[in-house]
1. Compute the length gained on full extension between D108 and I6: take 0.36 nm times their separation in residues and subtract their Cα-Cα distance, giving the result in nm to one decimal.
2. Packing-wise, with mean Cβ within 10 Å as the measure, how do 89-99, 2-12, 48-58 rank, highest first?
3. Kindly report the accessible area of the stretch 93-171 per residue (heavy atoms of protein chains, probe 1.4 Å, no ligands, DNA or RNA), in Å².
4. Could you calculate the contour length gain from A30 to V51, that is, 0.36 nm times the residue separation minus the distance between their Cα atoms, to one decimal place in nm?
5. Full extension from I84 to Q169: what is 0.36 nm times the residue separation minus their Cα-Cα distance, to one decimal in nm?
6. So how do L131, L28 rank on accessible area, 1.4 Å probe, biggest first, that is with the largest at the start?
7. Based on DSSP H runs of at least 4 residues, each adding -39500 (n - 2.57), what is the mean residue ellipticity at 222 nm of the chain after dividing by all its residues, to the nearest 500 deg cm²/dmol?
8. Go through [x] 1.15; [y] 0.96; [z] 2.83 and flag the label whose value is the computed Cα Rg over 2.2 N^0.38 Å for this structure.
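The values are calculated or read from the model by the stated rules, or taken from the named source; none is laboratory data. Nothing here was measured: the structure is a model prediction, and the numbers come from that model. Cβ: placed from backbone, ideal geometry, glycine included. Neighbour counts: every protein chain shown. Calculation scope for accessible area: heavy atoms of the full protein, side chains included, ligands and nucleic acids excluded. Shrake-Rupley method; radii C 1.70, N 1.55, O 1.52, S 1.80 Å.
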Amino acid sequence: EKGWVILTADYSQVELRILAHLSEDPELVAAFKKDLDIHRATAAAVNNKSVDEVTHEERSAAKAVNFGIIYGLSEFGLSKQLGISRQDAKVFIESYFARHPGVKKFIDETISFARKNGYVKTLLGRRRPMLDINSPNQNERQYAERTAINMPVQGAAADMIKIAMIHIQKI
């Protein structure tokens, strides 16, 4: 209608920014504070290169790992996604965690919290039950672990976007 506007908004890599906040990983936080291309920075760190030396393929692999970490991507999943051997995928993931110990700690602590309490929660306290986190069935348990890692990150992103939409509506 007359007088209306269309607004688009994109919070670049919001899930990775939330992961940086939740994990308090110094390298991840520093990369965002420096406004670096996070995928290029990850590729440089994992491959022991300067950011300028990172190839397109290395950046793509780092992007897969950056987002895959949030979704609990395994070495098997990464190897299929990138078309590399499981051994290469394992080395890449291990290198990532070696460079980002805060992320590994966040993942381990989140799964431990879920096992102990039976739920995970977002930054704003919204909870999700993790019914199968202690399941004797390995597939059910691993799925619950991946969900436990993912929910606090994606849930916080959803919370932030909903709050932003409410505030924008008031303008």
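1. That works out to 32.5 nm of additional length.
2. Taking the mean over residues of other Cβ atoms within 10 Å, the ranking is 89-99, 48-58, 2-12.
3. Accessible area per residue: 63 Å².
4. Using 0.36 nm per residue and subtracting the Cα-Cα distance, I get 6.2 nm.
5. Full extension of this stretch gives 25.9 nm more.
6. L131, L28
7. One gets -21500 deg cm²/dmol as the mean residue ellipticity at 222 nm.
8. Comparing each candidate, only [x] matches the computed number.
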